[in-house]
Amino acid sequence: HQTILTVLTNQFQFLQPLFVRARLIGEHEVRALEKGFRWIVAVVGVLAYGGLALVGPAVLETLISRGFRAEAEVPLLLAAGQGWIHLQMLVPFMLSLAGRDGRPNSACTLGMGAAVMAALFVTTTRLGVLGASLAQLSIAPIVVLHSIWVRRTLHTGDGDRIRSLYYGPAIAILVVVMGVGWLRGGSRHTVVTEVVCAVLTMAVASVVMMAL
């Protein structure tokens, strides 16, 4: 999932100079760009990490073994979830840089590291590898707080309108979760049927996101 995050982050590096230009025009321009790119990043994240969650286990089974898939499937799914959450700080991060205020970004980076380390200390002693995977999800509240801090610092609008941008992606995530649940059900599936199901699930998720 780190590779996906790195690739997507590199593709959106143009956001910082774009936000700098928007701030010269006015707050309304910044708000419009922020809302649009938050939605785009959320949608791209669902497609990328949803695809990883759906197809990843079948790929592990094909490349390595069914036994390895059984051991690695849940950590892989948790990694996909953590990757999507982490990606949601991309737009606020670039917005903060454009506003020449690096405090939220520095605090978020340190906070995520501290949260994960604390969670690892609690979960790994009891759950082992699964606990280490679960600990990565502890970044979620830090990502939310980072977004709130940036928006309040730069006065880029109210939170209700931003939350509404995630309705479509949130429903799409539920579609992906249902697809993963079906694939992990009792009946056996071949790699081909899993890939076909993954493609159909992502198609439905895409329609949901575009409709909402």
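The values are calculated or read from the model by the stated rules, or taken from the named source; none is laboratory data. What you see is a predicted model; the values in this text were computed from it and never measured. In this analysis, Cβ positions are derived from the backbone assuming ideal geometry, glycine residues included, and neighbour counts consider all displayed protein chains.
Quick notes
- Qualifying residue in segment 7-14 (condition: at pLDDT below 85 and touching a Gly at 6+ places or on another chain (Cβ under 8 Å)): yes
- Residues that are assigned to a loop (DSSP other than H, G, I, E, B), surrounded by fewer than 18 Cβ atoms within 10 Å (Cβ to Cβ) and of a type in the set (Gly, Ala, Ser), drawn from segment 73-130: GLY102, GLY128
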